[in-house]
Structures are given as structure tokens and as C-alpha cells.
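Have a look at the structure below, then the notes.
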Amino acid sequence: NVFQQQQQLQQHPIIDFGFLSSLTDTTNNNINNGIDNNQNSLWIDVRAVELFGPPQVLSTRFALKDIPSLKDSKLVDELLDLFLLQAECTNTTEIRKYLVRILKLRNRVLAKCTLEDRVRAIEVFELCKVLNRSHVMHLYETGGMDCDFDSFWNMDSPGSNASSSRAGTTSTALSPNVLAFRQAAISLAPSVQNASSTLDQLCEVFMTQATISDHQQREEQWFKSKELENKLLDACGLEDRKKLAIVFEQWRDQNKAHESEFLEEA
């Protein structure tokens, strides 16, 4: 079981890519440009680069290529070049294709890494997503997600409707694998409990994915899982975010056949 690697990963020192995280202040000043829910219709008519400026990927490119397993990797260049290209696109069908290709390449990049290098690569990816949060939201929304932009980046609060509506959810209804995932998420990234109802929703989606065979339903559930994963990541501070991303990657490893099959179909 991939979650047996928890202890090893928990002991792994989280690398501080200071030269990357130092850029977040500048990025966060512009992070809400174009995210007003009333402007959603613009997102299929206006290029993301016009709304948010060009994606910041140069430091990410250097950081990934500084990882021994990825030194001089053409996959890194192809992945980041696609991320730049999607920001210039207005055709939602093409953006969806870019999203699928980006996710495929991300999996290939991580597959080339040793365990230690994979942890470093995941950390760099998460920092890149923080630096380019508006672009990531735009990519997933136009690529197929049905996001609620008023609440997508908000943490659950104890008195919120979302929390109250799922108050009856218990871990006893979860399969052993999904329960192990939930426990690992809370253990490695305690701040994920700030979004406990979102975590419960994600676990339910994972349970549903294992029981459906209809392609359209599988596609909807897959995109829903990515939406919830991103919401949980954003509910965490940077250190917990990187640890939670590792838990998500462990889950993908455990369900590699399912994800690979979906990406090939897409």
C-alpha cells in the first residue's frame, strides 16, 4: 500500500525554494484580476494572458531541472511550454486538450523521478501553482470544471452550509483505501481539517469513481476530484500544501490504472 510510505515522506525535509516563494507577494497583488464571478463570460472570449499577465514559469523551469532525475529533461520544457500556450488560447475545446496534455506530462515527469526527487518535484509544482493561481483556476474552469468561484478558494467554516450539510458524514462508510487516504491527509497536513467538509466530499467522489463505468459520469467525477483537490490545497499553508500534494500523488499511484485510462480516453 502506497500509504506505507507516509513515515518516510513525513521524515523527508521539505525543501525551501526561497527564490520561488519570494515571488508570491508580487503575484498575490494581481491574483484576483478577472476572477469576479460577473466576469466569467469573458473567460471564453479573452485570453488568460490578457486577464492575468503571462504565467511565471522561468523559476519553475530552473528548479525542476535542478533536480537530478530531471536534469536537461525535455519533458519539463514541453510541460511548461504547454502551460504558456494555453494562456494564449480562447477556444475552450483546445484549452481542455491542453489541460489533459499537461496532466499527462506531469505524470510522466514524476514517473522519471526517484522517490526523493519526486517529493522535490511535487513541491516545485505546488509553488508554481501558487505563483500562477489565477491561471490555474482559468485552466481548470475552461478545461471542464464546474467551479463555484465565489467559494472555490475559501476554506470551510464550522458554521457554513457546506459544513453543516455534511455533518453526518463519517469515516466508517469509507472503504479501507479511501479511509487510509483521509487519515494520511490529516496526519501529514493537519491544516486540511480547516476544510473538513471538502475533504469528506473528495472521499465520497473517490468512492463513487470506483463504482461507475459510464464515460461521461467518470469524466464528471474526475474533474470534480481535481476541483476538490485544488480547493483543499488552497486551504493549507505552503508547507502543509506541499505535504498534501504528496498524499494526492500517493493516491494517484495507488489508482494509476484508473487515471491513466481516463487520460487516454480524454
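The values are calculated or read from the model by the stated rules, or taken from the named source; none is laboratory data. Fair warning: this is a prediction, and the values are worked out from it, not measured in the lab. For neighbour counting, all protein chains shown are included, and Cβ atoms are generated from backbone atoms with ideal geometry for every residue, glycine included. Keep in mind that these areas ignore ligands, DNA and RNA; they rest on the heavy atoms of the full protein, side chains included. Shrake-Rupley method; radii C 1.70, N 1.55, O 1.52, S 1.80 Å.
Can you tell me which residue in segment 227-240 is most open to solvent (accessible area, probe 1.4 Å), limited to those that are assigned to a loop (DSSP other than H, G, I, E, B) and without any contact (Cβ under 8 Å) to a residue 60 or more places away in the chain?
Checking each candidate, the answer is G237.
Name, by its number, the condition in (1) within 20 Å of F223 (Cα to Cα); (2) under 13 Å from the mean Cα position of the chain (by Cα) that does not hold for Y98.
It is condition (2) that Y98 fails.
Among the residues of segment 200-221, what is the count of those that are at pLDDT 90 or above and charged (D, E, K, R)?
Here the count works out to 2.
Determine if segment 156-175 includes at least one residue that is in a helix (DSSP H, G or I), over 15 Å from L228 (Cα atoms) and modelled with pLDDT of 85 or more.
No, segment 156-175 has no match at all.
Can you pull out every residue in segment 170-229 that is farther than 13 Å from F248 by Cα, aliphatic (A, V, I, L, M) and within 18 Å of the chain's Cα centre (by Cα)?
Scanning segment 170-229 gives A195, V205.
Would you mention how many residues in segment 185-221 are closer than 26 Å to L127 by Cβ, open to solvent by 60 Å² or more (accessible area, probe 1.4 Å) and outside any helix (DSSP H, G or I)?
Total meeting the criteria: 0.
Could you list all residues from segment 65-104 that are assigned to a helix (DSSP H, G or I), hydrophobic (A, V, I, L, M, F, W, C) and closer than 24 Å to L51 by Cβ?
Residues satisfying the conditions are L79, L80, L82, F83, L84, L85, I95, L99, V100, I102, L103.
Give the residue, chosen from V119, V109, V124, that is part of a helix (DSSP H, G or I) and either modelled with pLDDT under 85 or within 13 Å of the chain's Cα centre (by Cα) (or both).
V124
Anything in segment 127-155 that is modelled with pLDDT of 85 or more and in contact with a Ser or Thr (Cβ under 7 Å, 6 or more places away or on another chain)? List them, or say none.
Result: L127, C128, V130, L131.
List pairs: first residue in segment 62-75 and within 12 Å of L105 (Cβ to Cβ) and without any contact (Cβ under 8 Å) to a residue 40 or more places away in the chain, second residue open to solvent by 100 Å² or more (accessible area, probe 1.4 Å) and of a type outside the set (D, E) anywhere in the structure, Cβ distance under 6 angstrom, at least six positions apart or on different chains.
L75/R108
State which residue pairs qualify: first residue touching a residue at least 60 places away in the same chain (Cβ under 8 Å) and inside segment 183-201, second residue open to solvent by 50 Å² or more (accessible area, probe 1.4 Å) in any location, beta carbons under 7 Å apart, and separation of 6 or more residues or different chains.
L188/Q10; L188/K243
Go over the candidates K224, K243 one by one and state the one that is modelled with pLDDT of 80 or more, closer than 22 Å to V109 by Cα and open to solvent by 50 Å² or more (accessible area, probe 1.4 Å).
Within the list K224, K243, the selection yields K243.
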